[in-house]
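The values are calculated or read from the model by the stated rules, or taken from the named source; none is laboratory data. Predicted, not measured: the structure shown is a model, and the values here were computed from it. Note that we place each Cβ from the backbone using ideal geometry, even for glycine, and neighbour counts take in every protein chain shown. Heavy atoms of the whole protein, side chains included, go into the accessibility calculation; ligands, DNA and RNA do not. Shrake-Rupley method; radii C 1.70, N 1.55, O 1.52, S 1.80 Å.
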Amino acid sequence: MNKWEAYNALKEDELINSHLPETRLMTEENLMELLTKYGAVILKPAAGSAGRGIITISSEGNERLMVQVKLTKKVVTRDDLFSYLTREILKGFAQYIDSGEVNKILSETYIVQHRIPLMEIDHRPFDIRVMVQRKSETPWKVTGKLAKLANYGFVITNVNLGATILPVETTVQRSSLQNLSLQSLLSELDQVALRAVERLQYNYPGIRVIGFDMCFDTQGKVWIIEANNSPHDNIFLQLEDKTMYETMQSYK
Ligand SMILES: Nc1ncnc2c1ncn2[C@@H]1O[C@H](COP(=O)(O)OP(=O)(O)O)[C@@H](O)[C@H]1O
Ligand SMILES: [Mg+2]
């Protein structure tokens, strides 16, 4: 499921749109506009997965920006940002590509998105995998949820980059959201996921399973980060309680 296409499908539902980080195709103009508007953005390959090619950028003040790829951080000026990113994204090939083509290539392959300030535990951000499944003609159901706590030093929470898998309930309780009601936070997560999957089904009629990456921001608001149409359910085996994993198998 291409991230740009899924975003455009989801944002057709106005309520869901209010839970989507604003996303645009990656051009210099879009990048600078979103950076000015939000102070922090994330770049992703539209057809990427497993955190590959993800670059985060945040304002450091005084026209300086922090660019992070995995554990590597670099401070660049606003003026240098786009050419730095072009080199980073296109790696050694940039010199062989006509500068007029660069914008087009980037906009076909990368998206730029408002970077949500994720909830953290001990300075490690986390997001939440929400599995939504249906059998043919039965209503959609949330069959499992787990938290992915970013590996030390990382700002992205992909499992292959060393994230720790934890139960959602204890993770939310340990975070600074602890003064909000756990039940209402979790039920909002389910409601948003169930409404979003209906919208996806409209554009992708054959789907039976979606693994959403969702998160709470530091205010407790729910966001949808991405929709995976072939999510790995084996990460649920890392939880001590295997009930959710077993439920997921019963949908196959
Ligand atoms: N808009 C965002 N704001 C904050 N963190 C994000 C955002 N988008 C992605 N991330 C982080 O990066 C991770 C990977 O991004 P995702 O869109 O899920 O791509 P992938 O297909 O590579 O998993 C997410 O699990 C989350 O930790
Ligand atoms: Mg993901």
Considering region 14-54, residues that are of a type in the set (Val, Ile, Thr) and at pLDDT 95 or above, and then whichever is farthest from ligand 2 (Cβ to nearest atom), we arrive at Thr36
Name the pairs: first residue in region 203-223 and touching a residue at least 24 places away in the same chain (Cβ under 8 Å), second residue exposed (fewer than 14 other Cβ atoms within 10 Å of the Cβ) and in a loop (DSSP other than H, G, I, E, B), Cβ to Cβ under 8 Å, at least 6 apart or on different chains?
Arg208/Lys135; Arg208/Ser136; Val209/Ser230; Gly211/His232; Thr218/Ser176
Answer yes or no as to whether Asn160 is loosely packed, with under 13 Cβ neighbours inside 10 Å and either away from ligand 1 (no atom under 16 Å from the Cβ) or free of Cβ contacts under 8 Å to residues at least 12 places away in the same chain (or both).
no
In region 58-70, is there at least one residue being in a loop (DSSP other than H, G, I, E, B) and in contact with a Lys or Arg (Cβ under 8 Å, 6 or more places away or on another chain)?
yes
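Is it fair to say Leu43 is in contact with a Phe, Trp or Tyr (Cβ under 8 Å, 6 or more places away or on another chain) and closer than 24 Å to Cys215 by Cα?
In short, yes.
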Among the residues of region 147-157, are any farther than 24 Å from Ala40 by Cα, within 14 Å of ligand 1 (Cβ to nearest atom), modelled with pLDDT of 95 or more and open to solvent by less than 30 Å² (accessible area, probe 1.4 Å)?
no
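Can you go through Leu166, Leu182 and tell me which one is away from ligand 2 (no atom under 16 Å from the Cβ), in contact with a strand residue (DSSP E or B) (Cβ under 6 Å, 6 or more places away or on another chain) and within 28 Å of Pro139 (Cα to Cα)?
Criteria check complete, one pass: Leu166.
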